[in-house]
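The values are calculated or read from the model by the stated rules, or taken from the named source; none is laboratory data. Remember, it's a predicted structure, so these values are computed and weren't measured experimentally. Keep in mind that these areas ignore ligands, DNA and RNA; they rest on the heavy atoms of the full protein, side chains included. Shrake-Rupley method; radii C 1.70, N 1.55, O 1.52, S 1.80 Å.
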Amino acid sequence: MPQRQSAILNSTSGPTVPQAMCEKCTKKIDDEDEGTLSIECETCLNWFHLDCTDLIKQNLNTITKKGVHCFCDQCEAVASPNFITRLKAVESCIEKSYDQVMGSFNNRMTAVESQLASLFENHVSKSEKTFASVVAKLEDSTTTINRQLKTQEVQIKYIKTEISSESRAKNIIVFGIFEKHDTTLDESIGKLSEVLDSCSLSFHASRDNATRLGQKKVDKIRPMRLTLASEVQKWEFLKRIKAQKIEGVFARLDLADRVLGSVSVREVPGHLRS
């Protein structure tokens with residue numbers, strides 16, 4: 001049941017409670033001079049001059065606000081303990097409600113944290129498995145690529161050897177062509193051409209098909225490599241230079257080529273082997 005609010009009487013507005021008397025000074029409320037303020041106790045309904053109470057005029061605005069109550073000294077002495085008891089009961093209720101709310105909140109937070117931890121662990125576990133799978137695939141791919149590279153390396157080496165072998169198939173190494181420390185390549189090619197002419201061969205030496213091998217050394221004559229147009233010319237040259245028997249001059253096949261670690265030697269006719 002809602003409590004009634006304190007009433008305030010201003011004598012300038014005329015007497016509203018003509019029989020009321022101030023419980024403090026026992027004078028009638030309406031016998032005072034104009035402008036005198038009086039206030040009613042909400043519990044005992046007795047009236048008091050404002051000057052007869054501990055209230056001051058500046059507090060009237062607060063008292064007249066909705067929900068603010070006023071009691072006389074006797075009623076307040078009785079009401080205060082009850083108010084404190086009720087206040088403590090409300091405080092206890094609020095504390096219990098707060099504890100319940102916080103307990104529920106903490107439980108929910110614990111559940112959420114547990115769910116988040118579980119989700120994180122699952123995610124990490126899946127990520128680790130995925131990463132391990134990717135690493136394994138990369139390792140397998142790397143192994144396969146290395147095998148393919150090794151195979152290609154062997155193939156390239158074989159092709160290079162075959163190319164080198166084909167190029168050497170038409171080469172002749174000629175020894176004994178005179179050379180000094182100041183002999184030029186053109187002079188060496190000229191002397192080689194004299195040998196070819198003496199063998200009555202129709203082809204000639206030039207910078208395009210003849211060169212010295214190795215670096216110049218004192219009192220050493222470097223061999224010359226001669227590349228012929230065909231293998232027929234090669235065998236013809238070998239046969240004629242062997243038959244000519246030019247002093248200090250002889251020829252050999254270019255046998256420097258190797259295939260996968262084994263020497264590849266083309267078959268030489270028996271009468272040309274030395």
With DNA, RNA and ligands ignored, accessible area of Y98 (1.4 Å probe; Å², nearest 10): 140
Residue pairs, from the table K220/K245; K150/K216; K126/K150; K191/K242, whose Cα atoms sit over 29 Å apart: K150/K216; K126/K150
For M21, distant residues with modelled amide H under 5 Å away: I29, W47
Pairs from K160/K180; K137/K160; K157/K234 whose Cα-Cα separation, in the structure shown, is over 31 Å: K160/K180; K137/K160
C93 accessible area, 1.4 Å probe, all protein chains in place, Å² to nearest 10: 80
Accessible-area order (highest first, 1.4 angstrom probe) of the listed residues F105, F120: F120, F105
